[in-house]
1. With respect to Asp11, is the statement that it is open to solvent by 50 Å² or more (accessible area, probe 1.4 Å), among the charged types (D, E, K, R), at pLDDT 95 or above and out of contact with any Lys or Arg (no Cβ under 8 Å at 6 or more places or on another chain) true?
2. How many of the residues in region 14-26 are of a type in the set (D, E, K, R) and surrounded by 12 or more Cβ atoms within 10 Å (Cβ to Cβ)?
3. Surrounded by 10 or more Cβ atoms within 10 Å (Cβ to Cβ) and part of a helix (DSSP H, G or I): does that describe Arg34?
4. Can you find, within region 41-75, the residue that is most open to solvent (accessible area, probe 1.4 Å) among those that are in a loop (DSSP other than H, G, I, E, B) and more than 26 Å from Asn18 (Cβ to Cβ)?
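The values are calculated or read from the model by the stated rules, or taken from the named source; none is laboratory data. These numbers were taken from a predicted model, which means no experiment stands behind them. Cβ sites come from the backbone with ideal geometry, for glycine too, and all protein chains shown count toward neighbours. Ligands, DNA and RNA are excluded from the accessible area calculation, which covers all protein heavy atoms including side chains. Shrake-Rupley method; radii C 1.70, N 1.55, O 1.52, S 1.80 Å.
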Amino acid sequence: GTEGLMEVLADELENKENLRVNAINPGATRTAMRADAYPAEDPQTLPTPEDIMGTYLFLFGGESRGITGRSFDAQ
């Protein structure tokens, strides 16, 4: 559902040069919310948020200018 919404928004805003609409799937990540949802899972087997930050930084940076309507897996 989230990817579908992203695709619709990207299409509707395609002529707006200063707006980009993309989706990021962080995957299983070592967070408190994940630990609460999956208490039997060993959190040491999961990457930390810092480990997957590169995808977020790429999309916030100038290198991704012009990239819109895409889905990214952070892991």
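1. no
2. Taking region 14-26 and keeping what is of a type in the set (D, E, K, R), we get 14, 16-17, 20.
Retained after the next criterion (residues that are surrounded by 12 or more Cβ atoms within 10 Å (Cβ to Cβ)): 14, 20.
Going through region 14-26 one residue at a time, the tally reaches 2.
3. yes
4. Gln75
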